[in-house]
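I have placed the structure first, in the form of structure tokens, so that the comments after it can refer back to it.
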Amino acid sequence: MGKITVLMVLLIAVLLPFILTSGYSRSQQLPEAIKEEIVHNEVRNLGNYALTYAINRISTYEVDINPGVQTETFNNFNVLNGTINQITYDVTADQDTIRIQADITCQIDQNLVNHTSRAEVSYSPFFCTPQGVDNAITSTGLIEIKGSAEVDGNIEEQAILDFEEIFGYTKGQIRNGAT
């Protein structure tokens with residue numbers, strides 16, 4: 001029984017330095033893993049902000065939706081812990097998809113991290129109000145307005161409306177774009 005105890009003590013004495021060394025090296029790796037996670041989160045937050053900004057500019061008609069590539073370059077567009085350097089809008093030929101690419105730089109622990117975030121937006125110009133047309137009423141029969149209404153501007157009765165001129169698309173194009 002005494003020999004077994006001595007062997008156990010020797011075994012523990014031999015293995016203990018290996019266990020402690022292994023634990024120490026893992027504790028050194030943990031801060032690096034945490035730092036990488038912080039960098040990832042900061043870059044992702046700034047990239048998401050830039051993409052949200054770009055999508056908002058599309059929805060408020062601040063960006064022309066013409067087929068092709070348009071690039072906006074910024075100087076000192078500081079947001080969160082970084083800077084938005086450039087936003088690129090790539091509009092497909094049929095104008096139904098916009099690919100957005102935001103190039104950002106993030107300052108983390110005295111290091112500059114460059115990153116590109118991307119988004120793809122389905123765009124339906126058929127359902128957007130064309131500029132210059134605030135209101136329109138059309139009917140194949142009589143229109144009866146009940147209650148009261150106030151009209152600001154001229155009323156043109158029996159007007160001949162050009163669908164494509166008003167909406168920017170033919171009826172066939174809108175029909176083909178409907179789902």
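The values are calculated or read from the model by the stated rules, or taken from the named source; none is laboratory data. These numbers come from a predicted model, not from an experiment. Please note: Cβ atoms are built from the backbone with ideal geometry, for glycine as well, and neighbour counts cover all protein chains shown. For the accessible areas, the whole protein counts, side chains as well, though only heavy atoms, and no ligand, DNA or RNA atoms are used. Shrake-Rupley method; radii C 1.70, N 1.55, O 1.52, S 1.80 Å.
Scanning segment 108-131 for residues that are modelled with pLDDT under 80, open to solvent by less than 90 Å² (accessible area, probe 1.4 Å) and more than 30 Å from Thr170 (Cα to Cα) gives Ile108, Asn111. Counting only residues that are open to solvent by 50 Å² or more (accessible area, probe 1.4 Å) and at pLDDT 85 or above, segment 56-84 holds 9 of them. Residue count for segment 145-179 under the criterion of being part of a loop (DSSP other than H, G, I, E, B), without any contact (Cβ under 8 Å) to a residue 24 or more places away in the chain and open to solvent by less than 100 Å² (accessible area, probe 1.4 Å): the result is 7.
Taken together, the residues in segment 63-99 that are of a type outside the set (A, V, I, L, M, F, W, C) and closer than 20 Å to Val121 by Cα amount to 17. For segment 30-51, the condition of being at pLDDT 80 or above and small (Gly, Ala, Ser) holds for at least one residue.
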